[in-house]
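Student: Just passing along the structure, written as structure tokens.
The values are calculated or read from the model by the stated rules, or taken from the named source; none is laboratory data. In this text, all values refer to a predicted model and were calculated from it rather than measured experimentally. Note that we place each Cβ from the backbone using ideal geometry, even for glycine, and neighbour counts take in every protein chain shown.
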């Protein structure tokens with residue numbers, strides 16, 4: 001079990017609860033001071049509210065408020081690896097119960113505002129196109145010579161999905177008419 005999931009379970013067991021306004025109270029009703037942390041890489045990391053909970057003797061681990069609320073609302077399902085905690089309005093700092101749902105990664109991405117989705121897509125597109133035409137020509141030649149995806153991945157540092165996409169292309173841009 002990961003420390004993050006363990007921290008959520010321990011916080012809940014110790015009586016920490018997310019209130020209807022998104023604040024966090026401990027077992028005796030005292031409101032916890034929240035900090036903002038940013039998750040993700042790149043120029044636009046996503047801010048989240050967190051608080052620390054003690055695990056064991058002296059270890060303290062951060063608990064993201066939206067993850068605790070999801071656990072509070074949906075139980076163990078919220079801690080499954082393939083499940084994302086969604087902010088329906090796209091505001092990662094709005095931790096009210098009516099704004100939190102569980103869903104897939106795709107649904108979570110669609111909760112972002114259109115501008116953020118475009119920025120994310122542009123970033124992904126830039127990283128996918130970092131290889132030159134000469135590199136792709138080498139990849140195609142190596143593949144034609146018998147190198148499989150695993151060896152191509154190791155040699156060039158390109159994901160199997162990108163290899164599959166590039167190696168299945170019939171021209172620079174594949175269209176419905178030239179399939």
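Student: Would you mind finding the one in 76, 116, 107 that is exposed (fewer than 14 other Cβ atoms within 10 Å of the Cβ) and more than 21 Å from residue 24 (Cβ to Cβ)?
Tutor: When all the criteria are applied, what remains is 107.
Student: Can you name the number of the only condition in (1) outside any loop (DSSP other than H, G, I, E, B); (2) modelled with pLDDT of 90 or more; (3) in contact with a helix residue (DSSP H, G or I) (Cβ under 9 Å, 6 or more places away or on another chain); (4) within 30 Å of residue 19 (Cβ to Cβ) that residue 142 fails?
Tutor: (4)
Student: Now, a different point. Could you check the range 96-106 and list, in sequence order, the residues that are at pLDDT below 90 and within 16 Å of residue 66 (Cα to Cα)?
Tutor: Result: 105, single match.
Student: Checking residue 40 against (1) surrounded by fewer than 16 Cβ atoms within 10 Å (Cβ to Cβ); (2) on the phi > 0 side of the Ramachandran plot; (3) over 19 Å from the mean Cα position of the chain (by Cα), which test does it fail?
Tutor: With (1) surrounded by fewer than 16 Cβ atoms within 10 Å (Cβ to Cβ); (2) on the phi > 0 side of the Ramachandran plot; (3) over 19 Å from the mean Cα position of the chain (by Cα) applied to residue 40, the lone miss is (3).
Student: For the range 81-104, name all the residues that are farther than 16 Å from residue 37 by Cα and in contact (Cβ under 8 Å) with a residue 40 or more places away in the chain.
Tutor: Passing the criteria: 96, 97.
Student: Failed condition for residue 32, given (1) closer than 21 Å to residue 111 by Cα; (2) modelled with pLDDT of 90 or more; (3) surrounded by 15 or more Cβ atoms within 10 Å (Cβ to Cβ), with all others met?
Tutor: Of (1) closer than 21 Å to residue 111 by Cα; (2) modelled with pLDDT of 90 or more; (3) surrounded by 15 or more Cβ atoms within 10 Å (Cβ to Cβ), only one is false for residue 32: (1).
Student: Does residue 2 qualify as being surrounded by 15 or more Cβ atoms within 10 Å (Cβ to Cβ) and either closer than 30 Å to residue 119 by Cβ or over 17 Å from the mean Cα position of the chain (by Cα) (or both)?
Tutor: no
Yes/no per residue for (1) assigned by TED's automatic domain parsing to the domain that holds residue 91; (2) exposed (fewer than 15 other Cβ atoms within 10 Å of the Cβ); (3) in contact with a strand residue (DSSP E or B) (Cβ under 9 Å, 6 or more places away or on another chain); (4) in contact (Cβ under 8 Å) with a residue 12 or more places away in the chain:
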position	(1), (2), (3), (4)
7	yes, no, yes, yes
17	yes, no, yes, yes
22	yes, no, yes, yes
27	yes, yes, yes, yes
47	yes, yes, yes, yes
50	yes, no, yes, yes
58	yes, yes, no, no
61	yes, no, yes, yes
72	yes, no, yes, yes
